[in-house]
Amino acid sequence: MASILRVNTLTDASSNNSTPMATINQGTAKAWAHHTSVSSTSLEDSFNCSSIADNGTGNSTVTMSSAMGNDDYSCSASSGIPANSGYCDVTNSSTNTFSLRSFNIVTSTATITIADVADNSCTVHGDLA
């Protein structure tokens, strides 16, 4: 039989720092993923992400295991390219999927191109359904 611990507030041992459970629930990431899109697109590690689909160069869609309450959640993403700089953006959010696009920025030529990169990360905050 499972045990349930019901509390309204968590407090440290000295009772100096307290946090309401609602704050903890609202402030935690509801999903996160680290993935690569070089050679093949795959999740390297994740939480609440069931799959990732390759939509073409630098474009992928992440499917979450548990849906969000609506499509207005916050999703931040980053992309790392060792030789240059890079960035990643989030598009097409729905309650259980979002798309990521990764870009390569060559600063010496000020060129930005969509690209497959090895080091992408994303985090989702909001309310689960």
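The values are calculated or read from the model by the stated rules, or taken from the named source; none is laboratory data. What you see is a predicted model; the values in this text were computed from it and never measured. Using ideal geometry, Cβ is built from the backbone for each residue, glycine included, and neighbour counts are taken over all protein chains shown. Surface areas here come from the heavy atoms of the whole protein model, side chains and all, with no ligands, DNA or RNA. Shrake-Rupley method; radii C 1.70, N 1.55, O 1.52, S 1.80 Å.
Name the strands (runs of 3 or more DSSP E) wholly inside segment 68-129 in which the number of residues that are touching a residue at least 40 places away in the same chain (Cβ under 8 Å) is 1 or more.
Ranges flagged: 74-80, 97-106, 111-114, 119-125.
Of all residues being touching a Leu at 6+ places or on another chain (Cβ under 6 Å) and not charged (D, E, K, R) in segment 10-35, which is farthest from Ser121 (Cα to Cα)? Just the residue, please.
Restricting to residues being touching a Leu at 6+ places or on another chain (Cβ under 6 Å) and not charged (D, E, K, R), the top hit is Thr19.
Report, by residue number, each residue of segment 19-34 that is modelled with pLDDT under 90 and in a strand (DSSP E or B).
Thr19, Pro20
So that you can scan it fast, the table gives a plain yes or no per residue for (1) more than 19 Å from Ser39 (Cα to Cα); (2) among the acidic types (Asp, Glu); (3) in contact with a Phe, Trp or Tyr (Cβ under 6 Å, 6 or more places away or on another chain):
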site: Ser51; (1), (2), (3): no, no, no
site: Thr57; (1), (2), (3): no, no, no
site: Asp71; (1), (2), (3): yes, yes, no
site: Ser99; (1), (2), (3): no, no, no
site: Ala110; (1), (2), (3): yes, no, no
site: Asp116; (1), (2), (3): no, yes, no
site: Asn120; (1), (2), (3): no, no, no
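Let me confirm something: among Ser46, Ser51, Ser65, which residue is free of Cβ contacts under 8 Å to residues at least 60 places away in the same chain, of a type outside the set (Phe, Trp, Tyr) and surrounded by 18 or more Cβ atoms within 10 Å (Cβ to Cβ)?
So the residue among Ser46, Ser51, Ser65 that is free of Cβ contacts under 8 Å to residues at least 60 places away in the same chain, of a type outside the set (Phe, Trp, Tyr) and surrounded by 18 or more Cβ atoms within 10 Å (Cβ to Cβ) is Ser46.
Taking Val38 as the residue in question, decide whether it is of a type in the set (A, V, I, L, M), closer than 16 Å to Val117 by Cβ, out of contact with any Leu (no Cβ under 6 Å at 6 or more places or on another chain) and assigned to a loop (DSSP other than H, G, I, E, B).
Judged against the criteria, Val38 is a match.
Would you mind stating whether Ala13 is assigned to a helix (DSSP H, G or I), open to solvent by 60 Å² or more (accessible area, probe 1.4 Å) and of a type in the set (A, V, I, L, M, F, W, C)?
Details: assigned to a helix (DSSP H, G or I): no; open to solvent by 60 Å² or more (accessible area, probe 1.4 Å): yes; of a type in the set (A, V, I, L, M, F, W, C): yes.
Judged against the criteria, Ala13 is not a match.
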